[in-house]
Amino acid sequence: MKSNISTVINIAEVAGRFPSESDLTTMHRYLENGDARLEAAEKLATYHDALVRDAGDAVFQRHANLQKPGEGADTQEKVQKCYRDIAHYLRLVNYCLVTGNTSPLDEWGIAGARELYRTLKLPTVPYVTAFEYLRDRAHAGLKLSPAALSELRFYLDYFINAMS
């Protein structure tokens with residue numbers, strides 16, 4: 001897992017140069033937004049179980065057809081796997097907040113997830129619904145500062161767009 005700082009330093013090192021002004025601006029922005037990202041990460045960690053439950057419940061309320069015979073969540077085991085996957089992706093969002101970039105989602109979540117769901121003929125719409133719920137409603141109980149909310153929404157939107 002990479003942070004913005006390690007990425008910038010590695011790029012400069014490979015190029016055999018000192019970090020450029022834009023490199024330093026990127027690092028400065030990373031450090032400047034650190035408090036907001038960590039605030040959001042801390043609240044996600046604290047309320048993780050409740051957020052997963054609420055997001056999963058929102059999925060099955062909106063897409064009740066998923067639990068019909070032959071659909072993606074037609075057994076209790078499959079329903080639990082949906083909640084498990086939401087928990088996994090939310091944990092990756094938490095890692096993104098800590099590192100300040102999307103590499104945890106890219107490397108451990110998105111890369112191959114859509115292909116896997118297509119192969120198994122499982123819809124990605126439930127995960128999009130869950131993360132739209134988290135983006136639009138669940139944050140209210142977290143009582144985040146505007147900056148922390150902005151950081152959280154950025155990574156939730158990133159996941160939503162990748163899975164859409």
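Numerical summary
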{"read-out": "Subset tally (residues that are farther than 16 Å from Leu38 by Cβ and either surrounded by fewer than 18 Cβ atoms within 10 Å (Cβ to Cβ) or in contact with a strand residue (DSSP E or B) (Cβ under 8 Å, 6 or more places away or on another chain) (or both)) for the range 88-102", "value": "1"}
{"read-out": "Residue within the range 139-157 that is farther than 18 Å from Lys43 by Cα, in a helix (DSSP H, G or I) and over 10 Å from the mean Cα position of the chain (by Cα) present", "value": "no"}
{"read-out": "Leading residue by the ranking (farthest from Val93 (Cα to Cα)) among those in the range 1-17 that are charged (D, E, K, R) and either touching a residue at least 40 places away in the same chain (Cβ under 8 Å) or assigned to a loop (DSSP other than H, G, I, E, B) (or both)", "value": "Arg17"}
{"read-out": "When residues of the range 69-83 are limited to those that are without any contact (Cβ under 8 Å) to a residue 40 or more places away in the chain and either outside any helix (DSSP H, G or I) or basic (Lys, Arg) (or both), the one farthest from Phe159 (Cα to Cα)", "value": "Pro69"}
{"read-out": "Selected residue [under 18 Å from Leu152 (Cβ atoms), buried (at least 17 other Cβ atoms within 10 Å of the Cβ) and not β-branched (Val, Ile, Thr)] from Leu51, Leu38, Leu66", "value": "Leu51"}
{"read-out": "Filtered residue count, the range 154-164, keeping only those that are at pLDDT 95 or above and buried (at least 17 other Cβ atoms within 10 Å of the Cβ)", "value": "6"}
{"read-out": "Inter-residue pairs, beta-carbon under 9 Å, first in the same structural domain as His63 (by TED's automatic domain parsing) and under 29 Å from Asp74 (Cα atoms) and in the range 95-124, second crowded, with 18+ Cβ neighbours inside 10 Å and among the charged types (D, E, K, R), 6+ apart", "value": "Ala113/Asp85"}
{"read-out": "Given (1) free of Cβ contacts under 8 Å to residues at least 12 places away in the same chain; (2) outside any helix (DSSP H, G or I); (3) not small (Gly, Ala, Ser), index of the condition Gln61 fails", "value": "(2)"}
{"read-out": "Positions within the range 84-134 being among the charged types (D, E, K, R), more than 21 Å from Ser6 (Cα to Cα) and part of a helix (DSSP H, G or I), in sequence order", "value": "Arg84, Asp85, Arg91, Arg114, Glu115, Arg118, Glu132"}
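The values are calculated or read from the model by the stated rules, or taken from the named source; none is laboratory data. Predicted model only: the values in this text are computed from it and were never measured. Counting neighbours? That spans all protein chains shown, and the Cβs are built from the backbone with ideal geometry, glycine included.
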